[in-house]
1. Below 25 Å, Cα to Cα, which lysines can residue 108 reach? Residues fewer than 8 away in the same chain don't count.
2. With each label point set 7 Å from Cα along the Cα-Cβ vector, what nm distance links residue 268 and residue 176?
3. Å³ per residue of the Cα convex hull, for the range 89-198?
4. Please state, to two decimals, what the Cα-based radius of gyration of the range 218-362 comes to when divided by 2.2 N^0.38 Å (N = residues).
5. Positive end of the dipole of the chain, charges at C-beta (+1 Lys, Arg; -1 Asp, Glu), about the Cα centre: which of 2, 124, 352 has its Cα farthest in that direction?
6. Output the relative contact order of the chain, whole-number percent, from Cα pairs under 8 angstrom with separation of 6+ residues.
7. Could the peptides 258-264, 130-136 be put in order, highest first, of the mean number of other beta-carbon atoms found within 10 Å of their residues?
8. When all C-alpha to C-alpha distances in the range 1-84 are sorted into bins of 10 Å, what percent of pairs does each bin hold, rounded to whole numbers?
Amino acid sequence: MNIEKFIRPELVTMKGCVPIEPTEVLSQRTELPSNKIIKLDGNENPYGCSPKVYQALATYPYYHNYPDPEQMELRMALEKYTGLRRQHIVCGMGSDELIDLILRLFLKHGDEVINCPPTFGMYSFCADVCGGRVVDVPRTEAFTLDMAGVKKALNNRTKVIFVASPNNPTGGTVTEHEIMELVGTGKIVVVDEAYFEFSNVTMANLVPSYSNLIVLRTFSKWAGLAGLRIGYGIFPVEIAGYLMKIKQPYNANAAAQAAVLASLADIQYLHANVARIITERERLFGRLKELDWLKPYPSSGNFILCSLPKGKAKEIWQQLRRKGIFVRYFDTSGLKECLRISVGKPEDTNALVKALEEVKYD
Ligand SMILES: Cc1ncc(COP(=O)(O)O)c(C=O)c1O
């Protein structure tokens, strides 16, 4: 039986996303013990989550009940954290789910989504799955937004514009002026602030003043909860209402909710780790700059993009893997011969730099 004739044709030919793999899988693949793996490929938090999270998860008494579909405790805690009213806030199974939900809410088949590569892959992936048409407006050579290009690409089928700030993998932030210009186009503008805590640049306070501006955030990076899958968005109240209506009722699971509450009760601890990561980012940048075959780009996130003007990025990526050091390799049209290195602990930087110094570059 030909199953493909039942499948939406665009999904038969669609490229999937290339996700990263967890430590356990990398350990099996490389036959290295998991404590020998230096994982700098997922922009994860090398310090893990708050100890209060383990305590909260071990003692939470209601795993046998469905969690609150209204996410009320969570949204109240986020109201305090963001300074924005809970009516603006909706939580999702990672900000990934919110990207998907936003597109499901707005896209009819063939509607267009503006994507500014190189950038986070989930915007185009989710748009493809939702039957949207992805319109790429590549960034400039300095990886800033091509504002004129974005405006030129708009038409009456354009629904959503995605901008990551800091942008993954290039590390830069957008300006308020740029976002205001995009908001002025009347399209839905999504500013993805997954790395906000590392940059301190935010557009969140603007959301209540505009009916078409959305800011996404996550607990995966600064709070070290990537494995529990929990993020949130700050939406105009009207959009938040629609998202609450179309989301799966129990999308924020009980463990994730308990972990967020515990994290928000231990912000000082988490912010101290963020500060250590920022310090380490600058040290890593300095060390990478010393290598004459590698060009690191300044970053406001917890990662550093490096281009290799003389090529061989794939070979170097493989050489690092053989030593148990995992970074991200890119070879797309906008990112030829590039590696993205997540900021780890100081000892991770030391091991990485030593391995890079030993790289055979012939
Ligand atoms: C820009 C950006 N947005 C969103 C995400 C996904 O975050 P979450 O783990 O909350 O789904 C990532 C993860 O790497 C990211 O880089």
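1. Result set, ordered by chain and number: 5, 15, 151, 152, 159, 187, 245, 247.
2. 3.0
3. Details: hull volume 11.3 nm³, N = 110.
Taking the convex hull of the Cα positions in the range 89-198, it is 103 Å³ per residue.
4. Details: Rg = 19.1 Å, N = 145, 2.2 N^0.38 = 14.6 Å.
The reported ratio for this selection is 1.31.
5. 2
6. Values: 650 pairs, mean separation 80.0, N = 362.
Result for the chain is 22 percent.
7. Values: 258-264: 22.9, 130-136: 18.3.
Final packing ranking: 258-264, 130-136.
8. Calculated P(r), rounded to whole percents: 11, 20, 24, 29, 14, 1.
The values are calculated or read from the model by the stated rules, or taken from the named source; none is laboratory data. Predicted model only: the values in this text are computed from it and were never measured. Here the Cβ is made from the backbone with ideal geometry for all residues, glycine too, and neighbour counts use every protein chain on show. With ligands, DNA and RNA removed, areas are computed over all heavy atoms of the protein, side chains included. Shrake-Rupley method; radii C 1.70, N 1.55, O 1.52, S 1.80 Å.
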